[in-house]
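**Student:** Sharing a structure, written as structure tokens. Questions coming.
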Amino acid sequence: MYTIGQVANFLGVSRDTLKFYEEKELVKPKQNMGNGYRKYNHFDIYDITTVNFYREIDIEIKKIQELRKSKSIEGIHSLLEEKEQEVLQEIEYKKLLLKKLQIVKEDCEKIKQFLGQYIVKEMKPLEIKGEIEHFTAYDEYDTLKKNADSLKKAVTLTSLRRVISFNEEGMIEDKFIIVRKVEDPDEEIEGEILSHPKCIYTIMEDGRWSTGGKNIDHDVEASIRNVAIEKGYDLSGQVYINLLLTTYEDGLERVFLEIYAPIK
């Protein structure tokens, strides 16, 4: 027979953990009614090591309590299969999360490199999943929820692209499209593919910290036109704007916009 201190010592668990197991009826040591001391036999040791094993593979206490009452080998196998599927799903989620983190790091590098700079760059293929008439068309956001690329249930704006159409007289249309990046050119696509091999590309800053809250649409259009005139580019009459990153300075938002203006 072993004392609680001896068991805690050679199994590497705390006294509180052993008391918790006892409260949950996962281990049932005999208790001396005279002095209240617990005595653990070798069957109790089996119980504790079994509970430790299941806790190590992240089986919740309720499931272990069910096991403690009765569970066939087939039942244990089924439980482990269920846990295996949970772990595989979590691994897939972590992979997606890692990819998302890497993309945001790349976006930070883009901002450092291209903020206020103008180059010619390809706008890589996007699949159009839907359209929102305007940013304030909240009743249409169910389409965004359905088609957005998201890790959890949070709806973000990273699946949106603002599309401004213009002519020599100015803006003629302003809408939002819901898109998905086409990772594999050979994959089967349901929606329309949007792609432009040559665009004037830049990153501009919006948000109250830099603009004082004023609308920068005119600045975007004017800067794109000036670059096109200077370089001799023939604009196609559209600008695609992607919300790249939002941060804060002195409590005011700094919004970085990635801009593609296709040229003919």
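**Student:** Gain in length, residue 46 to residue 17, computed as 0.36 nm per residue apart minus the alpha-carbon separation, to one decimal in nm?
**Tutor:** Difference between extended and current length: 8.9 nm.
**Student:** Of 94/198; 62/95; 112/231, which pairs sit farther than 27 Å apart, going by alpha carbon to alpha carbon?
**Tutor:** Check vs 27 Å cut-off fails for 94/198; 62/95.
**Student:** Determine which aspartates and glutamates satisfy two conditions relative to residue 63: a Cα distance under 12 Å, and not lying fewer than 8 residues away in the same chain.
**Tutor:** Correct list for residue 63: 82.
**Student:** Starting with the highest mean, order 83-93, 254-264, 4-14 by the number of other Cβ atoms within 10 Å, averaged over the residues of each peptide.
**Tutor:** Going from most to least packed, we get 254-264, 4-14, 83-93.
**Student:** Among 259, 8, 189, whose Cα lies farthest out toward the positive end of the dipole of the chain, if unit charges sit on the beta carbon of Lys, Arg (+1) and Asp, Glu (-1)?
**Tutor:** 8
**Student:** Run the reach check for residue 30 against aspartates and glutamates, Cα to Cα strictly under 12 Å, same-chain hits fewer than 8 apart removed. What comes back?
**Tutor:** Result set, ordered by chain and number: 22, 44.
**Student:** Could you give the C-alpha radius of gyration of the range 173-243 expressed as a fraction of 2.2 N^0.38 Å, taking N as the number of residues it contains? Let's see the in-between values first.
**Tutor:** Values: Rg = 15.4 Å, N = 71, 2.2 N^0.38 = 11.1 Å.
The value comes to 1.38.
**Student:** Cα atoms only: what Rg and Dmax, in Å, come out for the chain?
**Tutor:** Looking at the chain, its Cα Rg and Dmax stand at 30.0, 98 Å.
**Student:** What residues have an amide H closer than 5 Å to that of residue 196, excluding those fewer than 5 places away on the same chain, when H is modeled at 1.01 Å from N in the peptide plane?
**Tutor:** Those qualifying (amide H under 5 Å, at least 5 residues apart or on another chain) are 123.
**Student:** Here is a follow-up. Between residue 35 and residue 57, 0.36 nm times their residue separation minus their Cα-Cα distance comes to what? Walk me through the numbers before you get to the answer.
**Tutor:** Numbers: separation 22, 0.36 × 22 = 7.92 nm, distance 3.62 nm.
That works out to 4.3 nm of additional length.
**Student:** Also, quick follow-up: May I ask for the equivalent-ellipsoid semi-axes of the range 4-71, computed as the square root of five times each C-alpha gyration tensor eigenvalue and listed largest first in whole Å? Can you show the working numbers first?
**Tutor:** On the way: eigenvalues 84, 36, 20 Å².
Ellipsoid half-lengths, sorted descending, are 21, 13, 10 Å.
Where a number appears in this text, it was derived from the coordinates with a stated rule and is not lab data. None of these values were measured; they are calculated from a predicted model. With ideal geometry, Cβ positions are generated from the backbone for all residues, glycine too; neighbour counts draw on all protein chains shown.
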